[in-house]
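Written out below as C-alpha cells is the structure these notes cover.
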Amino acid sequence: MRALVIYESMFGDAATVAKSVGAGISEVCNGPEDFVTVVEVGEAPIEIPAGVDLLVLGSPTHAFGLPRPNTRADAATKSAREVISARIGIREWLDAATLVAGQAAVAFDTRMDHPKTLTKLDHASRTTEKRVRKLGAHLVAPAEHFYVVDTTGPLVEGEVDRARAWGRTLAGKLGQ
C-alpha cells in the first residue's frame, strides 16, 4: 500500500496529526512496496503520483472552513512562532491538483471542541471532502476531527494516539 498524507498546519497541530495518521498507516503496511509519505501542502505534488492507494488531506479549521490567505495571515499574528503553511493551503492545492478518477481519499481537520454550538457548524474537512469528490476521488471513510485546546493549540490529550489508531483503521479499510 502506498499512502500520501498532505497537511496544512499553522502552529503544528495538524502536522502532528498528519504524522500520527501516517505512522498508523505504516503500522499496518508491511510489504517492501508499502510506504507512506507525509508532506506539508506547500511541498506536495500537484499531480498525485501513480500507484498512490490512499490520499489523506488535513488542515486546521479557520472561520468555520478551510483556511484562506487572509485567515493564514491572521493566524500568523496570533503566535510568536512562524506558521508552518504560510505559502498555500489545502484550498489552493485543491484548486490546482489533478487526481486519478476514483482515487481513494479521506479528510481530517483540527478544531476546538468548544463552544459546543459552533463545533456543529461546517468545518474544514467537510469542505475538503466536497472539493476532493469534485476532482473525482472516492471517499473511503467519513472525515475525522481532532481537537485542540485553543486556537494556537495544543492538541487535546489523547488526540495523537487517536490519530495513529485512525491511520491503522484507514489502512485496514483498503484491505491491508
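Before moving on, here are some points about what is shown:
- Rounded accessible area per residue of the chain, 1.4 Å, Å²: 47 Å²
- Relative contact order %, the range 1-133, counting alpha carbon pairs below 8 Å whose residues are six or more apart: 31 percent
- The chain, helix-only ellipticity at 222 nm - DSSP H runs n ≥ 4, -39,500 (n - 2.57), divided by all residues, nearest 500: -10000 deg cm²/dmol
- The 1.4 Å probe gives accessible areas that order Trp166, Trp93, largest first, as Trp166, Trp93.
- Phe108, Phe64, reordered so the largest accessible area comes first (probe 1.4 Å): Phe64, Phe108
- Each residue was assigned an accessible area with a 1.4 Å probe, and for Asp53 the value is about 70 Å².
- Of (1) 18.4, 59; (2) 15.1, 41; (3) 15.1, 47, the label for Rg and Dmax of the Cα atoms in Å derived from the coordinates: (3)
- For the chain, the fraction of 1.4 Å probe accessible surface lying on carbon and sulfur atoms is 53 percent.
The values are calculated or read from the model by the stated rules, or taken from the named source; none is laboratory data. Keep in mind that this is a model prediction, so the values were computed, not measured. SASA here: full protein model, heavy atoms, side chains in, ligands and nucleic acids out. Shrake-Rupley method; radii C 1.70, N 1.55, O 1.52, S 1.80 Å.
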